[in-house]
Amino acid sequence: MTDDNSCVETAAVTITEPIASVSTTTVTACDSYDWIDGNTYTSSNNTATHTLTNVTGCDSVVTLNLTINNSTTSTATVTACDSYDWNGTTYTASGSYDYVTTNAVGCDSTATLNLTINNSTTSTTTVTACDSYDWNGTTYTASGSYDYVSANAAGCDSTATLNLTINNSTTS
């Protein structure tokens with residue numbers, strides 16, 4: 001350094017620059033993650049960085065180490081007669097039902113059931129006949145209650161009940 005009188009002053013000066021802070025944020029998230037850089041990440045990422053200012057006024061660089069795991073979904077379409085048991089619940093009405101649980105990677109697993117319930121049918125007929133009565137391919141000769149089970153148009157049970165009284169003919 002030289003002053004106004006051409007005197008030279010020699011001095012050693014050490015300038016210490018503060019070291020920038022460097023850190024990594026490690027995150028595992030389901031489906032997406034909103035980070036401090038204002039971005040929403042929907043896939044794994046280990047290259048995103050964001051620069052902040054630390055308490056000493058220096059740069060603080062943060063790197064994101066992100067693992068995105070995905071939720072899962074499945075759909076089943078079922079037609080059943082009268083009721084249907086699914087995941088511990090008995091359903092008696094048609095509709096769409098969801099069952100939410102956790103998958104193997106800790107994210108939501110949503111199963112959807114599209115259910116159609118068809119109903120069984122019943123009918124009762126009361127008949128009084130002499131000696132015998134033919135019903136659904138069978139000849140009955142005794143009074144009683146008889147059931148005939150077949151499938152209705154929806155493929156479910158159709159139970160027809162015959163309440164039969166047989167009066168026997170008398171011969172003199």
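The values are calculated or read from the model by the stated rules, or taken from the named source; none is laboratory data. All figures in this text were calculated on a predicted structure; none of them were measured in a lab. So basically every Cβ, Gly included, is an ideal-geometry build from the backbone, and we count neighbours across all protein chains shown. Side chains are part of the model used for accessible areas, which takes the heavy atoms of the whole protein and leaves out ligands, DNA and RNA. Shrake-Rupley method; radii C 1.70, N 1.55, O 1.52, S 1.80 Å.
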A correct Karplus calculation of ³J(HN,Hα) over the stretch 108-114, with 6.51 cos²θ - 1.76 cosθ + 1.60, θ = phi - 60°, whole Hz and x for Gly and Pro, returns 4, 10, 10, 9, 10, 10, 9
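With the convex hull built on the Cα atoms of the chain, state its orientation-averaged projected area in nm². Walk me through the intermediate numbers first.
Values: hull surface 75.5 nm².
The number I arrive at for the chain is 18.9 nm².
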Evaluated at 25 °C with a viscosity of 0.890 mPa s, what Stokes-Einstein diffusion coefficient in µm²/s does the stretch 123-162 have when Rh comes from the Kirkwood expression over alpha-carbon pairs?
220 µm²/s
List the cysteines of the chain that have no other Cys Cβ closer than 4.7 Å: which are they?
C7, C58, C130
Compute log10 of I(q)/I(0) for the stretch 96-170 with the Debye formula, placing one identical point scatterer on every Cα and leaving out solvent, at q = 0.11, 0.13, 0.16 Å⁻¹, to two decimals.
-0.51, -0.58, -0.70
Could you give each residue of the stretch 92-105 its phi-based ³J(HN,Hα) in whole Hz, using Karplus coefficients 6.51, -1.76, 1.60 with θ = phi - 60°, and x for Gly or Pro?
10, 10, 5, x, 10, 10, 10, 10, 10, 9, 10, 7, 5, 9
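At a Förster radius of 45 Å, what calculated FRET efficiency corresponds to the Cβ-Cβ distance of A12 and S43, to the nearest 0.05?
Step by step, r from the Cβ atoms, then E = 0.25.
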Name the residue from L66, A76, Y146 whose Cα lies farthest towards the positive end of the charge dipole of the chain, charges +1 on Cβ of Lys and Arg and -1 on Cβ of Asp and Glu.
Y146
Hey, what's the chain come to in accessible area per residue, 1.4 Å probe, Å²?
68 Å²
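Could you compute the FRET efficiency for H50 and T110, with r as their C-beta to C-beta distance and R0 at 35 Å, rounded to 0.05?
0.60
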